[in-house]
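Heads up, the thing below is written out as structure tokens.
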Amino acid sequence: FSPIVVNVATGLATIEPDGAPISRPVWVDVEGDRVIFVTQLGSRKSDDIERDLRVALSIAHREDPYRQADLRGGVVERIDGDAALVLADRIARKYTGEPFPVRGEATVIYAIEVLEARHQKLPFTDEG
């Protein structure tokens, strides 16, 4: 099980200006040994990351939400321009089958270097 290979439900945790953590949904993929996600400059996610590079991802498998992974690390690269749009399209196609719908210079990709990863399969089912 590679939690990033399938189109999964992923929460990105960042740190707000007051120091409080917050989690927001993102689309993710893998680029080399880094996890990447798409957002827009000026979004709260982007503003949080530009101020503090520390992030965490909480990933649940789409078909079996009890297969989970938690990743901690830091943003090590921001990709802008046409290169960002190419990756954004790749990520969006993974989730929707369509290119990324938001076009423009504000679309960016952040690359996360994972420093700690934990995976588990909880012993629960949804047969109730």
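The values are calculated or read from the model by the stated rules, or taken from the named source; none is laboratory data. It should be emphasised that the depicted structure is a prediction, and the values quoted were computed from it without experimental measurement. Backbone-built Cβ (ideal geometry, glycine too); neighbour counts: all protein chains shown. Heads up: the accessible areas ignore ligands, DNA and RNA and are worked out on the full protein's heavy atoms, side chains in. Shrake-Rupley method; radii C 1.70, N 1.55, O 1.52, S 1.80 Å.
Summary table
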| item | result |
| --- | --- |
| Subset of the range 57-78 [closer than 14 Å to Ala111 by Cα and open to solvent by 30 Å² or more (accessible area, probe 1.4 Å)] | Arg72, Val76, Glu77, Arg78 |
| Whichever residue in the range 19-56 is open to solvent by 70 Å² or more (accessible area, probe 1.4 Å) and in contact with a helix residue (DSSP H, G or I) (Cβ under 8 Å, 6 or more places away or on another chain) and, among such residues, is nearest to Ala92 (Cα to Cα) | Trp27 |
| Unmet criterion (only one of (1) surrounded by 15 or more Cβ atoms within 10 Å (Cβ to Cβ); (2) modelled with pLDDT under 95) for Leu87 | (2) |
| Looking only at the range 101-114, and only at residues there that are more than 15 Å from the chain's Cα centre (by Cα) and surrounded by 11 or more Cβ atoms within 10 Å (Cβ to Cβ), the one that is nearest to Ala60 (Cα to Cα) | Val102 |
| Contacts under 7 angstrom Cβ, first residue in the range 77-106 being without any contact (Cβ under 8 Å) to a residue 24 or more places away in the chain, partner assigned to a helix (DSSP H, G or I) and open to solvent by 40 Å² or more (accessible area, probe 1.4 Å), 6 or more apart | Pro99/Arg93 |
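Residue by residue, here is whether (1) assigned to a loop (DSSP other than H, G, I, E, B); (2) under 18 Å from Glu77 (Cβ atoms); (3) of a type outside the set (D, E, K, R); (4) in contact with a Gly (Cβ under 7 Å, 6 or more places away or on another chain) holds:
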position	(1), (2), (3), (4)
Ile91	no, yes, yes, no
Tyr95	no, no, yes, no
Glu98	yes, no, no, no
Pro101	yes, no, yes, no
Val108	no, yes, yes, no
Ile112	no, yes, yes, yes
Leu115	no, yes, yes, yes
Gln120	no, no, yes, no
Glu127	yes, no, no, no
